Amino acid sequence: MAALGVASAAATLLSEHRLRMVLRPDGHGLTLVEPLPRRPSQAHRMLIGRNAQQALALLPNLVPVSGKAHRAAAAAALGTLQPDHGRNVWIDQRPLLLERLHEHLLPLHRDWPLCMAQAPSQSTLQDIDSVARSLDAPRAEPQALAALRELVESRSLGMPARDFLQIDSADALLRWAREHDTLTPARFIAWLADQPLALAAAALPPPLGTPPPGEFAARLLGDPTGRFQSDPQWHGSCRETGPWARLQQRALLRDLAGDGAPAAAPLVARFAARLLELAETLLAWMGEADMPPTMKAAAGLGLADSARGLLAYGVELDHGERIARCLILAPAQWNFHPQGTAAQLLRSIAWTTPRQVAQTASLVACAVDPFVRCDFALPGAASAGVSAGG
């Protein structure tokens, strides 16, 4: 029965990574989005009443995406509540980097072709999964490391990761895309730049960054209503989390946000941020660059930076050292917030034809979070969606 309970909970969590939104003309030529999703993760329900060891053993079978980040955030939160918390809070960062590499490579080769109505390379997808499994083993073989570098540098970037990080302008990115058009990610960027996307200027949320853990713990755990978990705001506004939010000060992304940028620039910037972070994470994994900070903790709180954005676990224990309260604030709660990046970009779509609106909406969803499948219902068109993992 316990196994059935976990399977049922996992199926429920997969459904949380699927959203249905109705898009309609708003009367001013733009798009009205309804209903807006407001669905906190329900993974915490399976953790209540369990001790730390049981909860951490359960999580990998429970969460469908970013499982290592979930486990690390929960372990950090639980570790702060132990008497020897200084030792327990330490988390090995390398599995988080490997998961980030995997969750960047998958959308590049699975979802980006689908956006262009092209079939993904099944052999490449199999290689991505195979390399990730090999490197996740206790002893990674040298050939697995070489295969990872080949996947990133030869089959995704077309150049050494360090060289890709030197791309510092929209023009340089487009040159890269056109010079490497045999590669799926480059072909996609070039294709996206040529799309007649009708997007109005949108007031997008500022980046969340990594907030001070103590202050964040007070907001998450100090709210008995759960409002912060279901309707998060930080210092008075919704925020964006994810690769763009982490890297938005990079020269390339600043240029894409500058005056005179094309209408598609907000989408290009978020796809480009995934390529930049892929390159950075590879160098960190290989020991050729400093490891980016991926974990922070405070009393009862663990924060982990996943490929999708900042993941937070807030935990309280009862006197028997079992979980009495568990709150999970996932990246989608920020990015698919009613005032979040996805909703604001969707509202900025000029209402042309249902087909064009559906295509642009699918690109928005993929740019913001390719692991959330969005199905869009439009008047006069069949349901449209963007493929996602899980």
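Derivation of every value follows stated rules applied to the coordinates shown; laboratory data play no part. Just so it is clear, the structure is predicted and the values come from calculations on it, not from any experiment. Positions of Cβ are generated from backbone atoms using ideal geometry, with glycine treated the same way; all protein chains shown enter the neighbour counts.
Could you give the radius of gyration (one decimal) and Dmax (whole number) of the Cα atoms in the stretch 118-210, in Å?
17.0, 51
Modelled label-to-label distance, Ala57 and Asp129, 7 Å Cα→beta-carbon offset: nm?
Those two pseudo-labels are separated by 2.7 nm.
Divide by every residue of the chain the summed helix terms, -39500 (n - 2.57) for each DSSP H run of at least 4, and state the resulting mean residue ellipticity at 222 nm, rounded to the nearest 500 deg cm²/dmol.
The helix contribution divided over the chain gives -14000 deg cm²/dmol.
How far apart, in nanometres, would the label points at Ala289 and Ala201 be if each is projected 7 angstrom from Cα along the Cα-to-Cβ direction?
Between Ala289 and Ala201, the simple spin-label model gives 3.3 nm.
Which length gain, in nm to one decimal place, applies between Asp194 and Glu179 when the Cα-Cα distance is subtracted from 0.36 nm times their residue separation?
Extra length from Asp194 to Glu179 when fully extended: 3.9 nm.
On full extension of the chain, what length is gained from Arg45 through Arg322, given 0.36 nm per residue of separation minus the C-alpha to C-alpha distance? Mind showing how you got there, number by number?
Numbers: separation 277, 0.36 × 277 = 99.72 nm, distance 1.31 nm.
Working it through step by step, the gained length comes to 98.4 nm.
Strictly greater than 15 Å: what percent of every Cα pair in the stretch 305-361 meets that? Could the numbers behind the result be given before it?
On the way: 1033 of 1596 pairs.
Summing the P(r) tail past 15 Å for the stretch 305-361 gives 65 percent.
Compute the relative contact order of the chain as a whole-number percentage, counting only Cα pairs closer than 8 Å that sit 6 or more residues apart in sequence.
On the way: 685 pairs, mean separation 105.4, N = 390.
The value is 27 percent.
If you take the beta carbon distance between Ala261 and Arg24 as r and set R0 to 25 Å, what does 1/(1 + (r/R0)^6) give as a FRET efficiency, to the nearest 0.05?
Calculated transfer efficiency: 0.35.
Based on the mean of other beta carbon atoms within 10 Å per residue, what is the order of 47-54, 185-192, 220-227, 127-134, most packed first?
Taking the mean over residues of other Cβ atoms within 10 Å, the ranking is 185-192, 127-134, 47-54, 220-227.
Helix 2-16: angle to the longest alpha-carbon principal axis of the chain, degrees 0 to 90, nearest 10?
Helix 2-16 sits roughly 30 degrees off the main axis of the chain.
Nearest 5 is fine: what % of DSSP beta bridges in the chain come out antiparallel, could you say?
80
For the stretch 238-362, what does the alpha-carbon gyration tensor say about shape, rounded, prolate or oblate, given a ≥ b ≥ c as the root eigenvalues, a/c under 1.5 as rounded, and a/b over b/c as prolate? Don't skip to the end; give the middle numbers.
Numbers: a/c = 3.01, a/b = 1.46, b/c = 2.06.
Since a/c reaches 1.5 but b/c is at least a/b, the shape of the stretch 238-362 is classed as oblate.
Under the Kirkwood approximation applied to all pairs of distinct alpha-carbon atoms, what is the hydrodynamic radius of the chain in Å? It would help to have the intermediate numbers written out before the result.
Values: mean 1/r = 0.0465 Å⁻¹.
Taking the inverse mean of 1/r over all distinct Cα pairs, the chain comes out at 21.5 Å.
Given a Förster radius of 41 Å and the C-beta distance between Arg254 and Arg139 as r, what FRET efficiency does 1/(1 + (r/R0)^6) yield to the nearest 0.05? Could you put the intermediate results ahead of the total?
Values: r = 42 Å, r/R0 = 1.01.
Here the calculated transfer efficiency is 0.50.
Roughly how big is the chain's charge dipole about its Cα centre, with Cβ charges of +1 (Lys, Arg) and -1 (Asp, Glu), in debye to the nearest 20? List each step's numbers first, then the result.
Numbers: 36 positive and 36 negative charges, 160 e Å.
Once rounded to the nearest 20, the dipole reads 760 debye.
Going by average Cβ neighbours within 10 Å, how do the peptides 280-288, 228-236 rank, with the highest at the top?
Those peptides, ordered most packed to least, come out 280-288, 228-236.
Stretch Ser237-Met116 to full length: gain in nm at 0.36 nm per residue minus the Cα-Cα span?
Values: separation 121, 0.36 × 121 = 43.56 nm, distance 3.41 nm.
Result for the pair: 40.1 nm of gain on full extension.
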